[in-house]
2 protein chains.
Amino acid sequence: MPEGQTLDREELMTEGLQKILELVEQKKYFRARDELLHFNAVDTAELLEEVTEQAGIDNTVILFRLLPKDISASVFAELPPDDQIKIITAITVREAEFIVQEMDFDDKIDVLEELPANVVSRILEKTPKSERKLINTYLNYPDNCAGSLMTPDYISLSKDWTVREALEHIKREGMDAETIYTCYVKDAGRKLIGIVSLSTLVVSDDDERIKNLMHTDFVCENVYDDQEDVASDFTKYGFLALPVVDNEFRLVGIITVDDILDVIEEETTEDIERMGGIIDLDDSGKDYLDMSVLQHAKNRLPWLIILMIAYVFTGMIITSFEGTLSQVISLVAYMPMLMGTGGNTGSQAATLIIRGLATEEVEPKDFLRILWKEVRIGFTIGVVLSIINFARICLFDRESPMVALTVCTAMIGIVMFAKIIGSMIPLIVKKVGLDPALIANPAISSVSDAVALSIYFMMAHVFLGVG
Amino acid sequence: MPEGQTLDREELMTEGLQKILELVEQKKYFRARDELLHFNAVDTAELLEEVTEQAGIDNTVILFRLLPKDISASVFAELPPDDQIKIITAITVREAEFIVQEMDFDDKIDVLEELPANVVSRILEKTPKSERKLINTYLNYPDNCAGSLMTPDYISLSKDWTVREALEHIKREGMDAETIYTCYVKDAGRKLIGIVSLSTLVVSDDDERIKNLMHTDFVCENVYDDQEDVASDFTKYGFLALPVVDNEFRLVGIITVDDILDVIEEETTEDIERMGGIIDLDDSGKDYLDMSVLQHAKNRLPWLIILMIAYVFTGMIITSFEGTLSQVISLVAYMPMLMGTGGNTGSQAATLIIRGLATEEVEPKDFLRILWKEVRIGFTIGVVLSIINFARICLFDRESPMVALTVCTAMIGIVMFAKIIGSMIPLIVKKVGLDPALIANPAISSVSDAVALSIYFMMAHVFLGVG
């Protein structure tokens, strides 16, 4: 498959980084800065991040201060929080003020949230009081809600303006790319009454009135809506921006799709980690490599310790059947397979249902249809695996057919039970109002372990007359 | 937490559906259609989908045919493929032609891909030859590549035009919202030389030349680039649209962010399912409930059968230590815990690394740093779990301290090995060029099962002198 521009870009970045690191090594900072200027803001930030990693934050600070003023703010917005804090504490208050002022409002809030309070108040000293008040309101929205994602930089139009007046207004305001593609129409009480897209304005007749062009069946979010729900509305409707209103339906800000892409990545990572039995206790969202060994251990231990308790029961089941096992010691050899298969098939069902709930493919009210489906899937899979195992146990392991029968009937029962457990538990957790991803696959495995052993020993009693 | 507009919307939908179903029941189709007209295209499609489910496709077809012409195409584009096919085969060729003509180009391609060839050729009969050729080119791009996502509906500007000329051109072309926000500048050989956003045009002086406004450091994709890479560029740079070029760097189409949101959801689902040990053999992308029992079983069996083979080895290890086990039968009771914990800790590491690779937080070249980190994390976790278990085995189970020592030293070794296996295997798979998510967690568990048993029996030999 022919490789495109993306690769070229990566090659360019690698080459650029090489040159920059050499120049930094030789203290030729101005020439290193000139190399950086070949890249856009996102790539420049990525290069600076590499410089921090390979040559230390001090060099990054020097290079950053040499950047032209008009691009330093947008590069700064793209840096990881750690580097942002180090830079902002290393530069003068005047420089910091300038950068913070130049940033888009939503990026500004993100940066200020991370900084220590005394630094924030120093930076905001010269900010006009009205904006300081707005910033404080924004800083107070809970994390992960619509309010924490929005920007107040949007275009308001009057419903009585003509297209010409509207376009002139937009030209005067002259804001950032993402934020002017949808314009908002409010009534006298600041209530949102309609939206109109820039593309509609551009292709419409100059003398047409806004009220005749605006859509009134728009979708909007409440300022306290969960960011996950906001993201799923973006995916569902394919919008570039969504208005955010307060409880009185007054427009307070807008959310743009570029910020939602980050939310989706963040929420997906959280879901996948939870399903894998990892709970980010600090909700730090730090990168894997930036997190300390202790933090990693803390995030992974809760589930492991909870499961220890589950294993006490598994151990008790085995102990109570020790007699059975010592009579037919070969039964032990099939325990890992039966428990493992139970865990794996249960996890498969849980994975599908948890993801289906997240993408709204299935809902708790579908539980009867899901149950019936999983029972049949479990039976089909159980039978196929049993046939393979019957052959293996009789022909390869040369055990008696009764041992094979014990293992194979147990297998069918175990797979069916595991499918039921794996599919029903996430639905119950969702119904109760918790995140189904919290039912990590490890939990499904341990529940199905105990069930698997019980079924196995029951079958041993039936077919081998032991226990 | 106060609930916002999202909920109101859901309530409105539920009420609307109720009314529509009642009216359909009473054959009052025109009044049911009027109810539908209160909703936007996405919601109307969702309501029709529910009508199909609860009242049958025939009623959906009737309602669909009653929709005003100007909205029927956009509603059609939002319906699930199954319903689209049923509708298009139930309506007249003339109606079908109209709908397909009215759809955005990328939606049109999606629909035509799903339809049987004879239906496609009938619908395209009256399409101008030039467009038919273009459609055929698009239909031939492989699934999952940039070419299959793009649309040829973009705005081309000349670099010598003024802003006024450009805006007049856009007004004449008058295209769809998403596709005009970025305009493209080509040279005489159709090579892409620059991009300029509509917002720049709107806020710039009317007499300014395009060549002075356009960006030349744009990012673009090759037509054969993988859709996953395209999606990650959107997330990284936060663009609303990206240009797609062929191998000669000629502009062939653009991809808009609304289509990328669907790609991200699809790719995430694929990754999560693969990690959960499910392989979509048909790559059908069908919803959970729409897939047959047999298809579900087929997707889940491959891993389960492969793992059967792994369990043969686990069984062999146990069989060769049957002597040890029959001497100290209580050792069997701790087997599930040790194997289970090994599997769970290994899956935790694999989950973090697989997700880290997908979001480009970690790379295969980081393997030494990852290895060192996981070894320390494994040791920390192993020690914590061992202390808990030592207490439990001595005090609760009342086993001898030597049994406790066997289990606890094995635990430390098992957790460390599982962390190494879980973190390194995905890196190796990525390095080889495969999707790391294919190393499903079930696979990690079974490898660590065998390792766990070997370590356990080794420790039993050391501390208990058996085996």
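Before moving on, here are some points about what is shown:
- Residue mean of other protein chain beta carbons inside 10 Å, A:259-269: 5
- Solvent exposure, largest accessible area first (probe 1.4 Å, DNA, RNA and ligands not counted), of A:Cys408, A:Cys394: A:Cys394, A:Cys408
- Zone of A:Ser156's modelled label, taken as backbone nitrogen in the range A:248-270 under 19 Å from a point 7 Å along Cα→Cβ: A:248-256
- Across peptide B:310-317, the average count of Cβ atoms from other chains found within 10 Å of a residue's Cβ is 5.
- Accessible area that becomes buried as A packs against B, both chains, 1.4 Å probe, Å², nearest 100: 11300
- Its residues counted as N, the protein assembly as shown yields a C-alpha radius of gyration over 2.2 N^0.38 Å of 1.04.
- Take A:Glu22, move 7 Å from Cα toward the beta carbon, and the resulting point lies 7.8 nm from the same point in each other copy, nearest first.
- Across the identical copies, the 7 Å label point of A:Asn212, projected outward along Cα→Cβ, sits 3.6 nm from its counterparts, in ascending order.
- Three-way shape call for the range A:32-92 based on the alpha-carbon gyration tensor, with the a/c threshold at 1.5: rounded
- Of A:Arg250, B:Arg369, B:Arg355, the order by accessible heavy-atom surface (1.4 Å probe, DNA, RNA and ligands excluded), from most exposed downward, is B:Arg369, A:Arg250, B:Arg355.
- Accessible carbon and sulfur surface of chain A relative to its total accessible area, %, 1.4 Å: 55
- Residue-normalised accessible area of chain B, expressed per residue, 1.4 Å probe, Å²: 43
- Estimated [θ] at 222 nm from DSSP helical runs (n ≥ 4, -39500 (n - 2.57)) normalised by residues in chain A, nearest 500: -21000 deg cm²/dmol
- Using C-alpha pairs under 8 Å with a sequence gap of at least 6, the mean separation divided by the residue count of chain A gives a relative contact order of 11 percent.
- Using the alpha carbons alone, the radius of gyration of the range B:276-390 stands to its Kirkwood radius in an Rg to Rh ratio of 1.07.
- Global form of chain B, assessed from the alpha-carbon gyration tensor, a/c cut-off 1.5: prolate
- Each Cα pair under 8 Å and six or more residues apart adds its sequence gap; the mean of these over the residue count of the range B:246-363 is a relative contact order of 15 percent.
- Exceeding the 20 Å Cα-Cα cut-off - candidates B:Lys108/B:Lys236; A:Lys69/B:Lys159; A:Lys373/B:Lys298; A:Lys236/B:Lys286: B:Lys108/B:Lys236; A:Lys69/B:Lys159
- Listed residues B:Met335, A:Met459 arranged by accessible area, highest first, probe 1.4 Å: A:Met459, B:Met335
- Label point 7 Å beyond Cα along the C-beta direction, distances from A:Ser330 to other copies (nm, shortest first): 2.9
- Distant-in-sequence amide H partners of B:Asn222 (H built 1.01 Å from N, under 5 Å): A:Gly4, A:Gln5, A:Thr6, B:Val245
- Beta bridges by DSSP in chain B, antiparallel share as percent, to the nearest 5: 75
- Accessible area of A:Thr359 (1.4 Å probe, protein heavy atoms only, ligands and nucleic acids ignored): about 30 Å².
- Sequentially through the range B:11-25, phi angles give Karplus couplings (6.51, -1.76, 1.60; θ = phi - 60°) of 4, 4, 5, 4, 4, x, 4, 3, 4, 4, 5, 4, 5, 5, 4 Hz, Gly and Pro residues having no value and appearing as x.
- With contacts taken as Cα pairs under 8 Å at a separation of at least 6 residues, the range A:37-157 carries a relative contact order of 20 percent.
- Accessible area of A:Tyr456 in the full protein assembly, 1.4 Å probe (Å², nearest 10): 0
- Rough spin-label spacing in nm, given labels placed 7 Å along Cα→Cβ, for B:Asp70 and B:Ile193: 4.0
- Axis of helix A:93-102 versus longest Cα principal axis of chain A: the two differ by about 80°, to the nearest ten degrees.
- Remark: the range A:292-298, residue by residue, has Karplus-estimated 3J(HN,Hα) of 6, 4, 5, 5, 4, 4, 5 Hz, where x stands for each Gly or Pro and the curve is 6.51 cos²θ - 1.76 cosθ + 1.60 at θ = phi - 60°.
- D (Stokes-Einstein, µm²/s), Kirkwood Cα radius, the range B:163-226, 1.306 mPa s at 10 °C: 124
- With both labels modelled 7 Å from their Cα along Cα-to-Cβ, the B:Val312 to A:Met13 distance reads 4.5 nm.
- Phi angles across the range A:455-465 convert, under the Karplus curve 6.51 cos²θ - 1.76 cosθ + 1.60 with θ = phi - 60°, into 3J(HN,Hα) values of 4, 4, 5, 4, 5, 4, 5, 5, 8, 10, x Hz, Gly and Pro given as x.
- Within the range A:391-441, the trypsin sites (Lys or Arg not before Pro) that combine a DSSP coil assignment with at most 12 other C-beta atoms in a 10 angstrom radius are A:Arg398.
- For the range B:354-456, the list of GluC sites (Glu not before Pro) that fall in a loop by DSSP and count at most 14 other C-beta atoms within 10 angstrom reads B:Glu360.
The values are calculated or read from the model by the stated rules, or taken from the named source; none is laboratory data. Worth saying up front: this structure is predicted, and the values here are computed from it rather than measured. Virtual Cβ from ideal backbone geometry, glycine too; neighbours counted across all protein chains shown. Ligands, DNA and RNA are excluded from the accessible area calculation, which covers all protein heavy atoms including side chains. Shrake-Rupley method; radii C 1.70, N 1.55, O 1.52, S 1.80 Å.
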